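As structure tokens, the structure follows; a few thoughts come after it.
The values are calculated or read from the model by the stated rules, or taken from the named source; none is laboratory data. Since the structure is predicted, the reported quantities are computational estimates derived from the model, not experimental observations. Glycine also receives a Cβ, built like all others from the backbone with ideal geometry; neighbour counts cover every protein chain displayed. What goes into the accessible areas is simple: the full protein's heavy atoms, side chains included, and nothing from ligands, DNA or RNA. Shrake-Rupley method; radii C 1.70, N 1.55, O 1.52, S 1.80 Å.
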Amino acid sequence: MPSDYYAGLDNEFRNVKRHILSYERDGVRLQFYATNVLLYTHPRTSQDLTLIVCHGLAMNPAMYFPTLKYLNQLIVQSGSLLRLRSIWFVEHANHGDSAVLNEALLKEHFSDRFPLTYYGVGIVTLLDSGLLDPTDPNLIPIGHCGGSGGVIFAAKMLRDRGTPFRRIVLLEPTLFDLDIEENFKALEQRVRIANRKRPRVWPTVEDAMAYHRNRVPWKLWDPEVLELMSKTVFWPAPGGGVTQKTTYEQESACFEYKEPLETGQVLLGLVTNTPVHMALGERPDMWTEEMYASQRRIVAKMKPSLASFSVIPGAGHYVVQDNPKGSAQIIFNILQLEYGKRQPATSVQARL
């Protein structure tokens with residue numbers, strides 16, 4: 001059964017709808033969840049924003065709620081003309097509740113590799129579904145980590161058919177220059193070996209969380225994010241106890257060198273005609289020094305063409321998990337930079 005991401009959260013979430021969409025690739029039809037949170041139900045205005053949020057590797061949509069809650073608060077309290085009207089969460093088809101939908105197919109067809117381009121296909125599938133208006137000028141994709149790769153691939157698909165995104169926000173994108181291929185291959189193998197050694201089953205969710213709270217990166221995460229993790233990441237294991245919905249095999253299947261190198265080259269071709277806002281964490285805690293050097297080189301190439309570049313304080317690679325308030329502030333700054341219109345504060349409130 002899918003997680004009820006919205007239960008027990010002080011009734012903050014309203015007008016939530018979950019949709020199961022599907023696409024076919026390599027002869028396999030995969031399903032995924034697209035979840036919509038509608039904050040305002042009035043007729044849409046020219047100042048209403050719609051976000052498409054794409055999560056990182058080993059994450060799920062719930063882990064992004066604190067950042068978006070704080071973002072909405074900043075918008076309301078600032079007196080901006082803007083309103084955060086609607087948020088769409090696109091789940092990668094081999095992660096979380098979507099992985100549960102596709103469990104048998106993933107084991108049969110994608111035990112070793114699950115392409116990051118599929119995340120881009122999922123995003124485009126949502127845009128083609130009729131559930132939202134793909135021509136909306138206030139439609140803003142936000143990608144984090146591997147979700148950034150999904151946004152980049154979706155942007156290429158849309159550009160190639162003449163319906164490009166009008167702007168893009170990337171948080172800690174998995175972004176490297178071509179010079180790092182061998183180093184990335186070595187890291188990929190180390191990750192696969194490490195994943196095979198991790199515990200898979202715990203007696204209870206409390207035991208699972210005790211394990212994670214004492215290890216990086218989870219021990220650095222915001223308490224609110226960890227609470228949502230405890231409610232959404234685990235499900236019953238076949239032999240008793242609990243296990244993760246996103247299997248370690250599928251984490252490893254996504255951690256592959258080829259497409260993170262490809263996303264960098266694709267993005268170099270996008271930034272010259274699409275406003276791209278990029279934010280990185282201030283703490284280098286994910287990649288090797290050689291990989292960070294490669295990241296700095298490719299960012300330097302595209303920096304003159306970026307719409308903005310920011311550093312999120314108090315955060316490493318997992319920016320929205322480490323510092324949801326700081327991440328919200330950066331996204332708010334980006335929205336103000338893009339739109340820049342303000343009005344006196346009003347009594348109109350939206351609850352996220």
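General remarks:
- Peptides 330-338, 88-96 ranked from most to least packed give 88-96, 330-338, packing being the mean of other C-beta atoms within 10 angstrom over each peptide's residues.
- Prolate/oblate/rounded label for segment 18-70 (Cα gyration tensor, a/c 1.5): oblate
- Heavy-atom accessible surface of the chain: percent carbon and sulfur, 1.4 Å: 52
- When both segment 145-175 and segment 72-108 are represented by their alpha-carbon centers, they are found 15 Å apart.
- When every Cα-Cα distance of segment 255-335 is counted in 5 angstrom steps from zero, the calculated P(r) takes the values 3, 14, 21, 23, 23, 14, 2 percent.
- Averaged per residue, the chain has 42 square angstrom of accessible surface, using a 1.4 angstrom probe with ligands and nucleic acids left out.
- Proximal charge balance of Arg283 [Cβ under 15 Å; K/R count +1, D/E count -1]: -4
- Rg/Rh for segment 34-157 stands at 1.00; both radii use Cα atoms, and Rh follows the Kirkwood definition.
- Modelled this way, with points 7 Å down the Cα-to-C-beta line, the labels at Glu206 and Tyr292 are 3.9 nm from one another.
- The chain: relative contact order as a whole-number percent, Cα under 8 Å and 6+ apart: 23
- The number of Lys pairs in the chain with C-alpha atoms less than 14 Å apart, excluding pairs fewer than 8 positions apart on the same chain, is 4.
- Of the residues Thr45, Gly120, Gly130, the one whose Cα sits farthest toward the positive end of the charge dipole of the chain, with +1 on the Cβ of Lys and Arg and -1 on the Cβ of Asp and Glu, is Thr45.
- Most fluctuating residue given options Thr67, Thr163, Thr232, as computed from a GNM of the chain linking Cα atoms under 10 Å: Thr163
- Note on segment 100-181: semi-axes of the ellipsoid equivalent to its C-alpha gyration tensor, largest first and rounded to whole Å, are 24, 19, 11.
- Descending principal axes extents, segment 168-245, alpha-carbon based, whole Å: 45, 30, 23
- Dipole magnitude (debye, nearest 20) for segment 244-285, charges at Cβ of Lys, Arg, Asp, Glu: 120
- Segment 127-218: C-alpha gyration tensor shape, a/c 1.5 cut-off, then a/b vs b/c: oblate
- For the chain, the calculated P(r) over all alpha carbon pairs, in 10 Å bins from 0 to the bin holding the longest distance, is 5, 26, 37, 25, 7, 1 percent.
- Here the peptides 262-273, 110-121, 187-198, 293-304 are ranked by packing, the mean other Cβ count within 10 Å, and the order with the highest first is 110-121, 262-273, 293-304, 187-198.
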